[in-house]
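None of the figures in this text is laboratory data; all of them are computed from the coordinates on show. Computed from a prediction, not measured in an experiment: that's the story for all the values here. All Cβ positions, even for glycine, are placed from backbone atoms using ideal geometry, and neighbour counts span all protein chains on display.
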Amino acid sequence: MIKYDDDKILIELEKLNGWEFKEDVIEKDFIFKNFKEAMTSMMRIGFEAEALNHHPIWTNVYNKLNIRLRTFIADGITERDFALARKIDELIDLKQEI
């Protein structure tokens, strides 16, 4: 697994919507209509994260969800983080269209 340097991370972030690079993680905040929608989204993300064997660092307070991604075995950001970020965005977009 190849750890991305800062330049590569910034290039990859340009391909995503709303993700930021902070404190050696990529992260994004999501706001939902209510707690139920936030939890439903967390469950969907959880299944995908398990399938990818790559798990987010996240916090949830009522309708707010903060997701932070980092590949610990590489001690930084890798393609695995961006793959999960893309999948998360896809799942959230699908949920909001329903």
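Quick notes on this one:
- Placing a pseudo-label 7 Å from each Cα along the Cα-to-Cβ vector at H55 and E90 gives an inter-label distance of 2.3 nm.
- Burial order of peptide ranges 69-82, 36-49 (average beta-carbon count within 10 Å, highest first): 69-82, 36-49
- For segment 6-97, lysine pairs with C-alpha atoms less than 27 angstrom apart, excluding pairs fewer than eight positions apart on the same chain, total 25.
- Mean Cα-pair separation over length for the chain, i.e. relative contact order, pairs under 8 Å, 6 or more apart, %: 33 percent
- Label-to-label distance, nm, for residues given as F72 and R44 (7 Å Cα→Cβ offset): 2.7 nm
- Relative to the dominant Cα principal axis of the chain, helix 79-97 is inclined by about 20°.
- Within the chain, helix-based [θ] at 222 nm, where runs of 4 or more DSSP H residues each add -39,500 (n - 2.57), nearest 500: -15000 deg cm²/dmol
- Rounded to the nearest Hz, the phi-derived 3J(HN,Hα) couplings of segment 17-31 under the Karplus curve 6.51 cos²θ - 1.76 cosθ + 1.60 (θ = phi - 60°) are 10, x, 7, 10, 9, 9, 6, 6, 9, 9, 8, 8, 9, 10, 10, where x marks glycine and proline.
- Taking 37 °C and 0.692 mPa s as conditions, the chain diffuses translationally at an estimated 240 µm²/s according to Stokes-Einstein applied to its Kirkwood radius (Cα pairs).
- Relative protection proxy for 54-60, 24-30, from highest mean packing down: 24-30, 54-60 (other beta-carbon atoms within 10 angstrom).
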